[in-house]
Amino acid sequence: MKREIKFSLVYRDMWQSSGKYQPRVDQLVKIAPVIAEMGCFARVETNGGAFEQVNLMYGENPNKAVREVTKIYHEYGIQTHMLDRGLNGIRMFPCPVDVRKMMYKVKHAQGVDIPRIFCGLNDTRNIIPSIKYALEAGMIPQATLCITNSPVHTVEYYTAVADELVAAGAPEICLKDMAGIGRPCFLGKLTKAIKDRHPEVVIEYHGHTGPGLSMASVLEVCKNGADIIDCAIEPLSWGKVHPDVISVRAMLADAGFDVPEINMDAYMKARTLTQEFIDDFLGLFMNPTNKLMSSLLLTCGLPGGMMGSMMADLENMQGAINMALKANGKEPYTMEELTLKLFNEVEYAWPKLGYPPLVTPFSQYVKNIALMNVLCLAQGKERFSMIDPNAWGMILGKSGRLPGELAPEIIALAKEKGYEFTDATPQDNYPDQLDVYRKEMDENGWEYGEDDEELFELAMHDR
């Protein structure tokens with residue numbers, strides 16, 4: 001009997017990996033039934049991550065978007081996913097305890113089935129509380145291993161983390177290969193190790209295509225027991241995003257797996273609609289390099305999901321860096337040269353910072369340190385002369401335990417600045433605060449919203 005493999009569409013992540021933008025609410029509602037009619041997706045990622053911030057910045061209500069879209073998918077029997085940053089909820093910095101708990105109640109009421117809970121450091125102290133909160137809210141918590149390639153990130157390391165998460169009640173494990181740098185054989189061994197120890201646990205693989213390993217990785221994890229594969233559709237598949245479901249299906253069918261058929265009429269309609277959304281205005285904000293794959297990403301390990309913002313940062317910094325180079329009698333960098341400089345600097349700085357997996361927010365922290373290093377070197381200054389407070393929080397242990405050891409020069413720099421390291425549970429620094437937000441809403445006469453969703457929105461995005 002053939003073993004069944006299911007597919008999940010990461011529609012939200014497709015857009016944000018292409019440039020941190022996404023369709024409007026009316027467009028998401030328009031395409032949802034078409035995606036459902038493709039007939040090949042058991043799950044669709046509908047929200048989480050940067051989704052709500054993008055809605056808010058565009059002037060739309062993310063609560064309306066989530067409710068309307070999840071309702072459509074449920075009518076077709078499709079489960080809905082959200083991306084969940086653990087300690088940070090769905091923002092870039094830590095949440096108070098009660099706000100974090102509230103998120104699962106609100107999202108479950110809005111129709112979200114599965115939160116994909118991750119900590120960029122794989123610190124189980126940041127993930128296990130969310131497993132409990134999600135279960136209490138009636139959701140299916142999918143605990144996540146953020147995959148990277150370093151001397152400390154071994155099969156044994158990840159298996160031990162998975163053991164803790166399953167013991168805490170997680171019925172599912174996601175292998176989140178956010179940069180696509182997980183080596184296929186390694187991922188196969190890890191999948192088998194988890195399945196051998198926990199055969200009842202569902203394993204989902206999420207791999208970006210940027211460095212070019214993802215198709216081999218998909219095949220390896222499926223051969224070793226994975227149950228669900230995250231896929232994309234044209235015109236936003238491949239590049240820095242995810243493999244296309246057509247190719248994944250063809251490969252797995254040939255390998256002898258039981259995979260669903262694809263309604264190609266619906267696929268082509270979804271493809272056309274997505275292109276219409278891009279042409280509407282979103283394409284104006286997408287860097288064309290995000291459609292390209294590059295083996296250079298193997299060494300720096302930067303994730304597909306931040307490529308859009310990274311290229312924008314480089315464009316903003318190019319003038320200042322080239323001005324400094326010119327002042328020091330050096331040739332300016334082209335954008336291609338500057339991109340490679342940044343990749344090389346990330347590769348240099350990352351081990352010195354304790355090998356934090358490069359996923360939100362730690363990918364941004366490491367990238368920012370590397371970019372400031374490039375600027376400092378252009379100015380004739382020392383590396384690590386400019387580190388922002390959030391990055392220092394990571395270094396000092398305020399976000400959780402770093403997987404590796406900090407370099408002696410980083411420890412010396414922290415002591416020189418009078419900073420203190422900590423190994424306290426990160427959540428202890430962020431106690432309950434909902435009453436403060438309730439008071440603000442009451443004073444302004446603001447409605448709490450259906451299932452307190454507007455109270456949640458203020459508490460999660462108070463800045």
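Is it the case that the range 225-243 has a residue that's of a type outside the set (Val, Ile, Thr), at pLDDT below 95, more than 27 Å from Lys2 (Cβ to Cβ) and out of contact with any Lys or Arg (no Cβ under 9 Å at 6 or more places or on another chain)?
no
Taking the residues in the range 267-293 that are among the polar types (S, T, N, Q) and in contact with a Lys or Arg (Cβ under 9 Å, 6 or more places away or on another chain) as candidates, determine which candidate is surrounded by the most Cβ atoms within 10 Å (Cβ to Cβ).
Ranking the candidates gives Asn290 first.
What do you reckon, is Tyr157 surrounded by fewer than 19 Cβ atoms within 10 Å (Cβ to Cβ), among the aromatic types (Phe, Trp, Tyr) and not assigned by TED's automatic domain parsing to the domain that holds Met307?
yes
If you go through the range 318-338 one residue at a time, do you hit one that is of a type in the set (A, V, I, L, M, F, W, C), closer than 30 Å to Ile117 by Cα and crowded, with 18+ Cβ neighbours inside 10 Å? Break it down into steps so the answer makes sense when it comes.
Kept after step one, since they are of a type in the set (A, V, I, L, M, F, W, C), are these residues of the range 318-338: 320-321, 323-325, 327, 335, 338.
Add one more test, that the residue is closer than 30 Å to Ile117 by Cα, and what stays is none.
Within the range 318-338, not a single residue is of a type in the set (A, V, I, L, M, F, W, C), closer than 30 Å to Ile117 by Cα and crowded, with 18+ Cβ neighbours inside 10 Å.
Could you tell me how many of the residues in the range 160-182 are of a type outside the set (D, E, K, R), under 23 Å from Met82 (Cβ atoms) and crowded, with 19+ Cβ neighbours inside 10 Å? Please lay out each step first, then the result.
In the first step, residues of the range 160-182 are kept if they are of a type outside the set (D, E, K, R); the result is 160-162, 165-171, 173-175, 178-182.
Those still in the list that are under 23 Å from Met82 (Cβ atoms) too: 161-162, 165-166, 168-171, 173-175, 178-180, 182.
From what is left, the residues that are crowded, with 19+ Cβ neighbours inside 10 Å are 161-162, 165-166, 170, 173-175, 178-180, 182.
Qualifying residue count, the range 160-182: 12.
For Lys439, state whether it is in the same structural domain as Trp350 (by TED's automatic domain parsing) and of a type in the set (Lys, Arg).
no
Could you list, in sequence order, all residues of the range 183-208 that are closer than 19 Å to Asp244 by Cβ and crowded, with 24+ Cβ neighbours inside 10 Å? Give the steps one after another, and end with the answer.
Of the range 183-208, the ones closer than 19 Å to Asp244 by Cβ are 184, 204-208.
Hits for the range 183-208 are Tyr205, His206, Gly207, His208.
Which pairs turn up if I take residues in the range 21-49 that are closer than 15 Å to Lys269 by Cβ and of a type outside the set (Lys, Arg) and look for partners that are modelled with pLDDT of 95 or more and assigned to a strand (DSSP E or B) with beta carbon separation below 7 Å, at least 6 apart in sequence or on another chain?
Going by the 7 Å Cβ cut-off, the qualifying pairs are Ile35/Leu9; Ile35/Phe41; Ile35/Val44; Cys40/Phe7; Phe41/Phe7; Phe41/Ser8; Phe41/Leu9.
Surrounded by fewer than 21 Cβ atoms within 10 Å (Cβ to Cβ), assigned to a helix (DSSP H, G or I) and either among the polar types (S, T, N, Q) or not assigned by TED's automatic domain parsing to the domain that holds Asp451 (or both), is that true of Leu87?
Values: surrounded by fewer than 21 Cβ atoms within 10 Å (Cβ to Cβ): no; assigned to a helix (DSSP H, G or I): yes; either among the polar types (S, T, N, Q) or not assigned by TED's automatic domain parsing to the domain that holds Asp451 (or both): yes.
Here the answer is no, as Leu87 does not meet what is asked.
Would you call Ala193 closer than 27 Å to Pro129 by Cβ, in the same structural domain as Ser247 (by TED's automatic domain parsing) and not in a strand (DSSP E or B)?
Yes: the conditions hold for Ala193.
Restricting attention to the range 29-75, which residues are assigned to a loop (DSSP other than H, G, I, E, B) and of a type in the set (Gly, Ala, Ser)?
Gly39, Gly49, Ala50, Gly59
Determine whether the range 259-266 contains at least one residue that is free of Cβ contacts under 8 Å to residues at least 40 places away in the same chain, surrounded by 14 or more Cβ atoms within 10 Å (Cβ to Cβ) and within 17 Å of Gly39 (Cα to Cα).
no
Among the residues of the range 257-276, is there at least one that is modelled with pLDDT under 90 and not in a helix (DSSP H, G or I)?
Residues of the range 257-276 that are modelled with pLDDT under 90, as a first pass: none.
No, the range 257-276 contains no residue that is modelled with pLDDT under 90 and not in a helix (DSSP H, G or I).
Need pairs with beta-carbon distance below 8 Å; first residue exposed (fewer than 15 other Cβ atoms within 10 Å of the Cβ) and within the range 62-84, second of a type in the set (Ser, Thr, Tyr) and not in a helix (DSSP H, G or I); sequence gap 6+ or separate chains.
Listed pairs, sorted by first residue: His74/Thr80.
The values are calculated or read from the model by the stated rules, or taken from the named source; none is laboratory data. As the structure is a computational prediction, the values presented were derived from the model and not from experiment. With ideal geometry, Cβ positions are generated from the backbone for all residues, glycine too; neighbour counts draw on all protein chains shown.
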